[in-house]
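Scroll down for the structure; my scribbles are underneath it.
The values are calculated or read from the model by the stated rules, or taken from the named source; none is laboratory data. These figures come from a predicted structure and were not determined experimentally. Note: ideal-geometry Cβ built from the backbone for every residue, glycine included; neighbour counts use all protein chains shown.
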């Protein structure tokens, strides 16, 4: 699977989730806010994102009712790896290993990769990317929505 940036001059930041030649979902982030609209064949949702913590930063995803659905924690400050929690289950993730733009989510109990996806790298240079926080990009939000979508019981996203 892969996320593609499809900004077409609109006021929002838009991304599409593709699996081979099939579009699975779209997400649109309202600029200046931390609100996203998600559309797929299984669901239409609105998500809210928050960034919390100074010493231990994390991203939080909430549903349209304001109920916390999950969170993403960095392994260490400025890191592109760490842990995410959805529906009470914990997973480890590693993003952009070897500058590939690829993300892998691991099930620690089974010690195996359960999800792989490519993400659009920010238009910044690698040195700028390393000096800014991973949480300041849209990548944590896309990761949380991807995992929520892929782990739905009626989704055929995971093969």
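Only one entry of 143, 139, 135, 115 meets the criterion of being in contact with a strand residue (DSSP E or B) (Cβ under 6 Å, 6 or more places away or on another chain), modelled with pLDDT of 70 or more, closer than 16 Å to residue 58 by Cβ and surrounded by 19 or more Cβ atoms within 10 Å (Cβ to Cβ), and that entry is 135. Within segment 35-68, the set of residues being touching a strand residue (DSSP E or B) at 6+ places or on another chain (Cβ under 9 Å), surrounded by fewer than 17 Cβ atoms within 10 Å (Cβ to Cβ) and under 22 Å from residue 95 (Cα atoms) comprises 50, 51, 52, 53, 56.
Identify the residue in segment 88-112 that is touching a helix residue (DSSP H, G or I) at 6+ places or on another chain (Cβ under 9 Å) and under 14 Å from residue 146 (Cβ atoms) and, among all such residues, is surrounded by the most Cβ atoms within 10 Å (Cβ to Cβ). I'd like the intermediate steps shown before the answer.
Of segment 88-112, the ones touching a helix residue (DSSP H, G or I) at 6+ places or on another chain (Cβ under 9 Å) are 91, 93, 95-96, 99, 103-105.
Within this subset, residues satisfying the condition of being under 14 Å from residue 146 (Cβ atoms) are 91, 93, 95, 103-105.
Numbers: 91: 20, 93: 20, 95: 21, 103: 25, 104: 16, 105: 20.
Applying the filter and picking the extreme gives 103.
If you check residue 120 against the conditions, is it closer than 19 Å to residue 102 by Cβ, modelled with pLDDT of 65 or more, part of a loop (DSSP other than H, G, I, E, B) and under 13 Å from the mean Cα position of the chain (by Cα)? Yes.
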